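Comments concern the structure below.
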Amino acid sequence: MTAETKGKIGPTDRAGGGIPSEIVRRAEGYRADIARFLRDIVAIPSPSCQEGRVVDRILEEMRRAGFDEVYRDEVGNAVGRVGSGPTIIMYDGHIDTVGIGDPTAWAYDPFQGKVEDGRVYGLGTVDEKGAVAAMVYGGKVLKELGLDKDYTLYVVGTVQEEDCDGFAAGRFVEHLKARTGRRPDLAVLGEPTDLQIYRGHRGRCEMKVVVKGRACHGSAPERGDNAVYKMGQVLEGIQRLAPRLKDDPFLGRGSIAVTRIESKSGSLNVVPDECAIVIDRRMTWGETPQSSLDEVRAIVAGLGEPDPPGKGPRVGAAGAEVALLEYDTKSHTGHPTRMPKEYPTWVTAEDHPAVVAGLRAAEELFGARPPLGKWVFSTDGVALAGVHGIPTIGYAPGNEVLAHTVREFVTEDQLVKAAAFYAWFPSVAADELAKRR
Ligand SMILES: [Zn+2]
């Protein structure tokens, strides 16, 4: 906002007047361009760690949109900067997608970006290339209107989110700090919210449990100690634990799910001496990776009974292991990625300027305050808010129930509204932050 326009936008200047209505008008004018750009990036497959081509296409669009600086950071995120004011705002939209699964399950080509009845269909339209397209056009509109005086906006198309949420977003924050000595004051996530303001979600961690047994011939199982039966006790313990996990009025209850099981035996006629499971643990407020590990360790510690007389030693819990899994790979630029799979829980308070600014921006643009909510799944917010403590909200087109399904689509109406929001939010956020300083 320029000094001249500042102050004109207040409670009396609701939707329908001043800069917000000009933003809505311009965003509407780019309706076809936003959809075309979205179709272009949907047509470029971008599974995690293979985002190079889609990054190039996004950088090209940012350049055309008049961004002040456009580049790819070390880990391979697409970064576009608009403005150079003191408040730093980050838009985070991941540009990798999950796989398509069974191609015959799709009613249309997941990479074609079919447009019908005002909807754009295809893999990633909701999760979350639609948001990225709207963010780039939001940047274009705010640049055209000269709104970029009070803040610096970074639009970041992050990589590898589907593989390791938060990893690349966190790397961008570190990269920005090394480059400018600053970090974002606020962040907005492009994960689908159906144009509501979201302000948190449960954290998560992935762990592996390995129990050992003793192999013997399958024809005389009493001579050995079957690791699969032992794991059976662990599975029962986990099922008993599930309803006792912590609950939270906003985030809901923590959850625990066994998602994989495998055993090792020399042949189909050997009693297995090792069995392993993988656990997907979702952590509500007050739960941590450490507390989650401890709960499972307590179950494992209770394994096995005293050695029965004359039957030889049983293995019990000896050799059992409970540990976090590790994410270990290379980004599309060859940047090594290694970290334990722990993703902290985060919530931004309802009265925080980030939330207040989100509600206000939407109300000034569209005349109504959107509802507040939370995601059921996890996002890059685990690093931005969870690790780096950056106040974070979500606002994006698309319904989250369509993410990771074969019915993914986003409406052009929501794309246009999101672009308008992305153009106006930084002005309002800079204003709300200034009020609290
Ligand atoms: Zn996503």
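The values are calculated or read from the model by the stated rules, or taken from the named source; none is laboratory data. Owing to the predicted nature of the structure, the values given are computational and were not obtained by experimental measurement. Cβ: placed from backbone, ideal geometry, glycine included. Neighbour counts: every protein chain shown.
Condition check ((1) touching a His at 6+ places or on another chain (Cβ under 8 Å); (2) within 30 Å of ILE34 (Cα to Cα); (3) assigned by TED's automatic domain parsing to the domain that holds ASP102; (4) among the β-branched types (Val, Ile, Thr)) across all residues:
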position	(1), (2), (3), (4)
ALA323	no, no, no, no
PRO340	no, no, no, no
LEU359	no, yes, yes, no
ALA383	no, yes, yes, no
GLY389	no, no, yes, no
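Pick out the one residue from VAL82, VAL75 that is away from the ligand (no atom under 16 Å from the Cβ), under 17 Å from VAL159 (Cα atoms) and modelled with pLDDT of 95 or more. Write out each step before concluding.
Values: VAL82 fails: under 17 Å from VAL159 (Cα atoms).
Criteria check complete, one pass: VAL75.
Residue-by-condition table, conditions (1) within 16 Å of the ligand (Cβ to nearest atom); (2) surrounded by fewer than 24 Cβ atoms within 10 Å (Cβ to Cβ); (3) hydrophobic (A, V, I, L, M, F, W, C):
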| position | (1), (2), (3) |
| --- | --- |
| ILE393 | yes, no, yes |
| ALA396 | yes, no, yes |
| ALA418 | yes, no, yes |
| TRP424 | no, no, yes |
| LEU433 | no, yes, yes |
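Kindly indicate whether GLU74 is of a type in the set (Asp, Glu), buried (at least 16 other Cβ atoms within 10 Å of the Cβ) and either in the same structural domain as ASP185 (by TED's automatic domain parsing) or over 21 Å from the mean Cα position of the chain (by Cα) (or both). Working first, answer last.
Working: of a type in the set (Asp, Glu): yes; buried (at least 16 other Cβ atoms within 10 Å of the Cβ): no; either in the same structural domain as ASP185 (by TED's automatic domain parsing) or over 21 Å from the mean Cα position of the chain (by Cα) (or both): yes.
In short, no.
Looking at the stretch 362-390, which of its residues are within 14 Å of the ligand (Cβ to nearest atom) and out of contact with any strand residue (DSSP E or B) (no Cβ under 6 Å at 6 or more places or on another chain)?
Within the stretch 362-390, the subset within 14 Å of the ligand (Cβ to nearest atom) is 375-384.
Those that are within 14 Å of the ligand (Cβ to nearest atom) and out of contact with any strand residue (DSSP E or B) (no Cβ under 6 Å at 6 or more places or on another chain): VAL376, PHE377, ALA383.
Here's a check for you: in the stretch 274-303, which residue that is of a type in the set (Gly, Ala, Ser) and free of Cβ contacts under 8 Å to residues at least 12 places away in the same chain is farthest from GLY319 (Cα to Cα)?
Of the stretch 274-303, the ones of a type in the set (Gly, Ala, Ser) are 276, 286, 291-292, 298, 301-302.
Cutting the leftovers down to free of Cβ contacts under 8 Å to residues at least 12 places away in the same chain gives us 291, 298.
Working: SER291: 21, ALA298: 14 Å.
Selected residue: SER291.
Taking VAL428 and the conditions (1) over 22 Å from VAL132 (Cβ atoms); (2) among the hydrophobic types (A, V, I, L, M, F, W, C); (3) assigned by TED's automatic domain parsing to the domain that holds LYS140, which numbered condition does it fall short on, given that it satisfies the others?
It is condition (1) that VAL428 fails.
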